[in-house]
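The values are calculated or read from the model by the stated rules, or taken from the named source; none is laboratory data. Everything numeric in this text was worked out from a predicted model, so none of it was measured. Neighbour counts run over all protein chains shown; Cβ positions are idealised from the backbone, glycine included.
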Amino acid sequence: MSAGRRLAVALAVLGAALTIVAAVSLFVGSAALSPGAVVRALAGRAGAESVESIVTLQIRLPRVAAAALAGGALAVAGVAFQGLTRNPLAEPAVLGVSSGAAFGVVLAQIFGLGLSVLEALGVASFAFAGALLSRRCCWPASSSASSSPRRSPC
């Protein structure tokens with residue numbers, strides 16, 4: 001089997017697994033809803049104010065969608081990070097990026113940024129800037145062009 005065919009099969013199997021897990025997660029939760037009630041809510045046949053409609057459409061479905069999107073975004077970010085560094089074992093914690101982001105968040109909190117939406121964007125900006133600064137400082141020490149046997153742990 002060619003590499004392209006194996007990739008297509010693997011992606012199809014993983015996509016099917018994601019679909020099955022997402023569908024099952026709509027039926028499982030602390031609110032005991034019957035499968036029929038969940039299907040009625042998804043089909044739009046349940047009342048807008050009914051418990052099954054609220055639990056399914058306003059709680060479970062958004063959480064499932066957010067989890068799938070966040071997982072996909074993390075996967076793309078990881079692949080991009082490994083491609084950028086040309087290292088299949090690269091991760092932010094090993095290269096100092098996580099520590100730089102944490103430092104940026106601490107600076108944002110020192111400057112008084114808090115929990116409102118705009119302040120949260122400011123905290124995220126500080127975290128991103130800290131990660132970029134950390135990576136910029138560690139990049140020369142961790143590059144393969146360095147011939148020194150004593151490399152920085154960054």
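Report every pair of residues separated by at least 6 positions or lying on different chains whose Cβ atoms are under 6 Å apart, first residue within region 93-121 and closer than 14 Å to residue 132 by Cβ and in contact (Cβ under 8 Å) with a residue 60 or more places away in the chain, second loosely packed, with under 15 Cβ neighbours inside 10 Å and not aromatic (Phe, Trp, Tyr).
Listed pairs, sorted by first residue: none to list.
Taking the condition within 22 Å of the chain's Cα centre (by Cα) and among the acidic types (Asp, Glu), does residue 91 pass? So that I can check it myself, show each step before the final result.
Values: within 22 Å of the chain's Cα centre (by Cα): yes; among the acidic types (Asp, Glu): yes.
Against the criterion (within 22 Å of the chain's Cα centre (by Cα) and among the acidic types (Asp, Glu)), residue 91 qualifies.
Which of the residues spanning region 64-78 are surrounded by 11 or more Cβ atoms within 10 Å (Cβ to Cβ) and either touching a helix residue (DSSP H, G or I) at 6+ places or on another chain (Cβ under 8 Å) or hydrophobic (A, V, I, L, M, F, W, C) (or both)? Show your work before the answer.
At the first step, the residues of region 64-78 found to be surrounded by 11 or more Cβ atoms within 10 Å (Cβ to Cβ) are 64-65, 67-68, 71-72, 77-78.
64, 65, 67, 68, 77 - these are the residues of region 64-78 that are surrounded by 11 or more Cβ atoms within 10 Å (Cβ to Cβ) and either touching a helix residue (DSSP H, G or I) at 6+ places or on another chain (Cβ under 8 Å) or hydrophobic (A, V, I, L, M, F, W, C) (or both).
Pairs, please: C-beta under 9 Å, at least 6 apart or cross-chain, first residue within 14 Å of residue 68 (Cβ to Cβ) and in region 1-21, second of a type outside the set (S, T, N, Q)?
Sorted first by the residue in region 1-21, then by its partner, the pairs are 18/68; 18/71; 21/64.
Identify the single condition in (1) part of a helix (DSSP H, G or I); (2) over 30 Å from residue 132 (Cβ atoms) that residue 67 does not satisfy, given that it satisfies every other one.
Condition (2) is where residue 67 drops out.
Quick one: count up the residues across region 92-110 that are surrounded by 11 or more Cβ atoms within 10 Å (Cβ to Cβ) and farther than 26 Å from residue 75 by Cβ. I'd like the intermediate steps shown before the answer.
Restricting attention to region 92-110, the residues satisfying the condition of being surrounded by 11 or more Cβ atoms within 10 Å (Cβ to Cβ) are 92, 94-109.
Pick out the ones that are also farther than 26 Å from residue 75 by Cβ and you get 106-109.
The total comes to 4.
Quick grid of which residues meet (1) assigned to a helix (DSSP H, G or I); (2) at pLDDT below 90; (3) out of contact with any His (no Cβ under 7 Å at 6 or more places or on another chain); (4) not assigned by TED's automatic domain parsing to the domain that holds residue 56:
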| site | (1), (2), (3), (4) |
| --- | --- |
| 9 | yes, no, yes, no |
| 13 | yes, no, yes, no |
| 21 | yes, no, yes, no |
| 24 | yes, no, yes, no |
| 29 | no, yes, yes, no |
| 37 | yes, yes, yes, no |
| 45 | no, yes, yes, no |
